[in-house]
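Undergrad: Just dropping this structure here.
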Ligand SMILES: [Fe+2]
Ligand SMILES: [Fe+2]
């Protein structure tokens, strides 16, 4: 599964880690994150993320 | 006729052309007790390059300092390291008056500058880590996202070994002296800590990474030139070292007791807590909000292990000054704190509970349930305050060992 980078703040979403503080289990792909999920670092929505090169 | 404002030479080809704001005391909620400076820098040589600008009302001062070096000549390029208005506010005026051929900025900088000033500016995006020659002078650009805005970047001039670090390693301090070695150490450390605590604290992990990155790049820095406060030409590693230390938020045997009171009952509880802490070897900062500003509370919390917050109840709520400070502190994401809530009340008593919930929501490890006293704390209430402080002191010492 691909990692995604927040264009605004540089946070990297790693599916292997998930985002447990915000209820996202390890193994959740970026695509499967709910639309309400926001960057845990800066608070922007999923549309600000790009696949990591 | 000579210019009313003169540039200050910083290195062979770099001049300070910024402005001193002696009057500012409220920087969107941060109390800047010693004023500030907006530092802009002019790089001269084969071409003239302006690094950042100043807050809009200070444009004439900056322009005069630029003219003191290059007369009526124009500039070739502006580098915008940070789009916030204290540095980019005068950018449109600088473009009109100095006619740069291009403006270099980060990708997020371009977005922010467009959103502020419309699409009329001719922006050219530099990539993270990119080196570029501008009119024969070499520069390297490093993105420093979220330190402290998405657009933030720093510019390195290898020729003179100058790091233009925008808000990085800066402080709010107005002075006629331009260099840190002309200013007493205590002031540098106080204002540096205040700046870090109030601006950078939420991004502490990124600060740690940035400092590691600067180290790994082996950048030789003879001059550290931030956008606020003095320029460092000696001991250029000192502020970065302090930042590295502050970013760890390592707690000391120190507690902040912050509260607001109506008729001194909450204040009496705060005093009992302070007594209990001090007796047990914790140094306490006693901060009634009638006197202390939110930004001073944030500064004192930087290296404190204990965080005690108190409010009486007014119309079923915590007092507004307390809500202000707790909201502000929550945004700063303090780490490694433990504490408790307290407060007096008349009949309903929501205040101390609300404070407790706020502390909990920002991740403060709670030492006990909120302490509430009806109207005026009696001997038992004060004993409970002391006991809570004693328990807290024991836990604080354990906690410090762990960190
Ligand atoms: Fe800024
Ligand atoms: Fe700034």
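Undergrad: Do you know the relative contact order of chain A, to the nearest whole percent, from alpha carbon pairs under 8 angstrom that are 6+ apart?
TA: Dividing the mean separation by the residue count of chain A yields 40 percent.
Undergrad: Compute the Kirkwood hydrodynamic radius of chain B, taking the inverse of the mean of 1/r over all pairs of distinct Cα atoms, and give it in Å to one decimal.
TA: Evaluated over chain B, this radius sits at 22.7 Å.
Undergrad: With a bin width of 5 angstrom, please list the P(r) values of region B:8-248 as percents of all Cα-Cα pairs, from the 0 bin to the one holding the largest distance.
TA: Here the calculated profile for region B:8-248 is 1, 7, 15, 20, 22, 18, 11, 5, 1, 0.
Undergrad: Quick one: work out the % antiparallel among DSSP beta bridges in region B:56-196, nearest 5.
TA: The answer is about 60 percent antiparallel.
Undergrad: Another question, if that's okay. Could you calculate the contour length gain from residue B:101 to residue B:60, that is, 0.36 nm times the residue separation minus the distance between their Cα atoms, to one decimal place in nm?
TA: Computed gain between residue B:101 and residue B:60 is 12.7 nm.
Undergrad: Ok, one more. Averaging sequence separations of C-alpha pairs under 8 Å and six or more residues apart, then dividing by the length of region B:301-374, give the relative contact order as a whole percent.
TA: 37 percent
Undergrad: Can you tell me what share of the DSSP beta bridges in chain B is antiparallel? A percent to the nearest 5 is fine.
TA: Antiparallel bridges make up about 40 percent of those DSSP assigns within chain B.
Undergrad: Counting only other chains, and only Cβ atoms inside 10 Å, what mean value do you get across the residues of A:38-45?
TA: Counting Cβ atoms of other protein chains within 10 Å of each residue's Cβ and averaging gives 2.
Undergrad: Between the alpha-carbon centers of region B:53-79 and region A:1-48, tell me the distance in whole angstrom.
TA: 43 Å
Undergrad: Return the Rg/Rh ratio of the protein assembly as shown with Cα-based radii and a Kirkwood Rh.
TA: Radius of gyration over Kirkwood radius for the protein assembly as shown works out to 1.03.
Undergrad: For region B:260-306, what does the alpha-carbon gyration tensor say about shape, rounded, prolate or oblate, given a ≥ b ≥ c as the root eigenvalues, a/c under 1.5 as rounded, and a/b over b/c as prolate?
TA: Since a/c reaches 1.5 but b/c is at least a/b, the shape of region B:260-306 is classed as oblate.
Undergrad: Another one. For chain B, modelled as a GNM with alpha-carbon contacts under 10 angstrom, which of B:181, B:167, B:86 fluctuates the most?
TA: Among B:181, B:167, B:86, the largest mean-square fluctuation in the Gaussian network model of chain B belongs to B:181.
Undergrad: With springs connecting C-alpha atoms under 10 Å apart, model chain B as a Gaussian network and identify which of B:104, B:302, B:173 has the largest mean-square fluctuation.
TA: It is B:104.
Undergrad: Mind sorting B:148, B:114 by how few other Cβ atoms lie within 10 Å of their own Cβ, fewest first?
TA: B:114, B:148
Undergrad: Output the relative contact order of chain B, whole-number percent, from Cα pairs under 8 angstrom with separation of 6+ residues.
TA: For chain B, the relative contact order is 12 percent.
Undergrad: Could you give log10 I(q)/I(0) at q = 0.11, 0.16 Å⁻¹ for region B:252-402, computed by the Debye formula over C-alpha point scatterers of equal weight, without solvent?
TA: -0.33, -0.74
Undergrad: Continuing with the same structure: Tell me the label-point distance for the pair residue B:160, residue B:70, using the 7 Å Cα-to-Cβ offset, in nm and rounded to one decimal.
TA: So the two model labels end up 1.3 nm from each other.
Undergrad: Modelled label-to-label distance, residue B:23 and residue B:264, 7 Å Cα→beta-carbon offset: nm?
TA: Roughly 4.0 nm, to one decimal.
Undergrad: 7 Å from Cα along Cα→Cβ at both residue A:32 and residue A:12: what's the point-to-point distance in nm?
TA: A separation of 2.1 nm, rounded to one decimal place.
Undergrad: Any chance you could run the full-extension gain for residue B:114 through residue B:2? It's 0.36 nm times the residue separation minus the Cα-Cα distance, nm to one decimal.
TA: Length difference between fully extended and current span is 36.7 nm.
Undergrad: Quick one: work out the % antiparallel among DSSP beta bridges in region B:252-402, nearest 5.
TA: The antiparallel fraction comes to roughly 10 percent.
Undergrad: If the elastic network links every pair of Cα atoms under 10 Å, which of B:211, B:329, B:221 fluctuates the most in the Gaussian network model of chain B?
TA: B:211
No lab work stands behind these numbers, since they all come straight from the coordinates. Since the structure is predicted, the reported quantities are computational estimates derived from the model, not experimental observations. FYI the Cβ positions are ideal-geometry reconstructions off the backbone, even for glycines, and counts take in every protein chain you see.
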